[in-house]
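The values are calculated or read from the model by the stated rules, or taken from the named source; none is laboratory data. Since the model is a prediction, treat every value here as computed from it, not as a measurement. Cβ placement follows ideal geometry from the backbone for every residue including glycine, while neighbour counts extend to all protein chains displayed. SASA here: full protein model, heavy atoms, side chains in, ligands and nucleic acids out. Shrake-Rupley method; radii C 1.70, N 1.55, O 1.52, S 1.80 Å.
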Protein chains: 2
Amino acid sequence: MVRFSKKIEYSLIALRYISNAKDEIITAKEISGKYNIPYELLAKILQKLKKENILVSNQGVNGGYKLSKPLNEISLSELIDKIEGKSGIVECLHTDNLTECFIYDSCSIKDPINKMQLELENLLKNKMVSDFI
Amino acid sequence: MVRFSKKIEYSLIALRYISNAKDEIITAKEISGKYNIPYELLAKILQKLKKENILVSNQGVNGGYKLSKPLNEISLSELIDKIEGKSGIVECLHTDNLTECFIYDSCSIKDPINKMQLELENLLKNKMVSDFI
DNA sequence: TTAAAACTGGACTAATATAGTCGTATTTAA
DNA sequence: TTAAATACGACTATATTAGTCCAGTTTTAA
């Protein structure tokens with residue numbers, strides 16, 4: 001119920017590795033091999049991180065990835081939202097789905113759940129990816 | 001990635017409802033009807049809550065459920081553990097699976113993830129079910 | 001100029017977890 | 001003894017997550 005997906009796990013491992021390499025360019029293959037992470041999956045994740053401007057990439061031979069900014073500027077909250085898409089702790093707080101909720105009007109726990117959500121978000125916002133290194 | 005399951009949602013709704021009814025005995029059917037929650041599913045959840053000593057039940061005609069203790073004595077953390085079983089925010093923190101993790105020894109993010117987990121647990125421990133009423 | 005090493009991207013499949021259903025038994029009050 | 005309730009296990013369906021496959025494109029270096 002409160003569990004990081006593999007994507008987040010792999011992201012953290014990759015980001016840490018790339019960060020430690022300083023300005024060296026790192027390939028998906030290298031990380032995949034080092035940590036036994038399925039190559040295709042990791043590649044996808046790194047591509048996503050690039051698209052989200054957390055990494056920059058070079059294509060072609062000798063290509064690879066490096067950080068676009070230091071990891072203490074990226075919160076866990078931001079990483080999760082960018083990798084998995086923003087979402088609420090219950091379906092109905094994921095705004096799109098409001099209309100689909102049978103209970104909504106009579107829902108008794110909406111407000112406190114909302115507060116809970118904010119507290120969780122806060123915790124994740126104050127955790128920087130650099131804290132995981 | 002941080003989302004309450006329907007089971008937790010339904011639990012909260014049911015517990016709130018039962019709590020508001022004071023000492024009256026409440027049936028699964030009543031709650032199910034009121035909130036459009038699938039009867040069989042809700043029944044299972046209430047049975048589980050009973051087995052975990054959060055509710056007490058009477059069988060037979062005029063049977064139903066009531067609280068075994070006030071909701072400010074039950075933390076969200078406890079409710080989640082009892083409904084879904086205890087689990088870590090990543091697989092490897094769910095102790096049984098340690099042996100299956102390919103990365104484990106070389107895992108760079110284990111320790112900070114562990115700390116993160118403790119902080120999350122803490123947040124959930126300090127939230128009482130009564131806060132959701 | 002071409003081959004190899006890398007990223008890019010989409011569609012697909014597999015595995016797992018969550019949500020929901022069904023059938024049957026048991027209990028109990030009226 | 002019947003109807004209304006909980007109890008329980010097995011099953012199915014759906015959604016999410018994890019992982020695979022394949023066919024590109026880009027770039028460097030030989």
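What to note about this one:
- Which numbered condition B:Asp96 fails, given (1) modelled with pLDDT of 95 or more; (2) away from chain A (no Cβ under 13 Å); (3) open to solvent by 40 Å² or more (accessible area, probe 1.4 Å): (1)
- Any chance B:Ile26 is touching a strand residue (DSSP E or B) at 6+ places or on another chain (Cβ under 6 Å) and either under 23 Å from A:Arg3 (Cβ atoms) or more than 15 Å from DNA strand C (Cβ to nearest atom) (or both): yes
- Cβ-Cβ distances below 7 Å connect the following pairs, each with a first residue in the stretch B:79-91 that is modelled with pLDDT under 95, a second residue that is of a type outside the set (S, T, N, Q) and part of a helix (DSSP H, G or I), and a separation of six or more residues or different chains: B:Glu84/B:Lys7; B:Ile89/B:Ile113; B:Ile89/B:Met116; B:Ile89/B:Leu120; B:Val90/A:Glu9; B:Val90/B:Ile113.
- Any hit, the stretch A:71-79, residues being farther than 17 Å from B:Arg3 by Cβ, out of contact with any helix residue (DSSP H, G or I) (no Cβ under 7 Å at 6 or more places or on another chain) and of a type outside the set (Ser, Thr, Tyr): yes
- Unique match (being in contact with a strand residue (DSSP E or B) (Cβ under 6 Å, 6 or more places away or on another chain) and within 13 Å of DNA strand C (Cβ to nearest atom)) among B:Ser87, B:Ser57, B:Ser68: B:Ser57
- Test for B:Ser108: is it away from DNA strand C (no atom under 16 Å from the Cβ) and either under 22 Å from B:Asp131 (Cα atoms) or not in a helix (DSSP H, G or I) (or both): yes
- Residue in the stretch B:16-26 that is nearest to DNA strand D (Cβ to nearest atom), counting only those that are open to solvent by 50 Å² or more (accessible area, probe 1.4 Å) and touching a residue at least 24 places away in the same chain (Cβ under 8 Å): B:Ile25
- Checking each residue in the stretch A:39-93 for being away from DNA strand D (no atom under 14 Å from the Cβ) and in a loop (DSSP other than H, G, I, E, B) picks out A:Glu52, A:Asn53, A:Ile54, A:Ser68, A:Lys69, A:Pro70, A:Ile74.
- Among (1) open to solvent by less than 40 Å² (accessible area, probe 1.4 Å); (2) more than 30 Å from B:Lys115 (Cβ to Cβ); (3) within 11 Å of DNA strand C (Cβ to nearest atom); (4) not acidic (Asp, Glu) - the single one B:Asn62 does not satisfy: (1)
- Test for B:Ile31: is it within 13 Å of DNA strand D (Cβ to nearest atom), touching a residue at least 24 places away in the same chain (Cβ under 8 Å) and over 28 Å from A:Ser5 (Cα atoms): no
- Residue within the stretch B:35-53 that is within 12 Å of DNA strand C (Cβ to nearest atom), open to solvent by 30 Å² or more (accessible area, probe 1.4 Å) and at pLDDT below 95 present: yes
- When residues in the stretch A:1-21 are screened for being assigned to a helix (DSSP H, G or I), among the hydrophobic types (A, V, I, L, M, F, W, C) and under 30 Å from B:Lys6 (Cα atoms), 2 of them pass.
Each row is one residue, and each column tells you yes or no for (1) in contact with a Lys or Arg (Cβ under 9 Å, 6 or more places away or on another chain); (2) under 30 Å from B:Ala14 (Cα atoms); (3) of a type in the set (Phe, Trp, Tyr).
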position	(1), (2), (3)
A:Ile45	yes, no, no
A:Lys48	yes, no, no
A:Asn53	yes, no, no
A:Ser57	yes, no, no
A:Gly63	no, no, no
A:Lys82	yes, no, no
A:Ile109	yes, yes, no
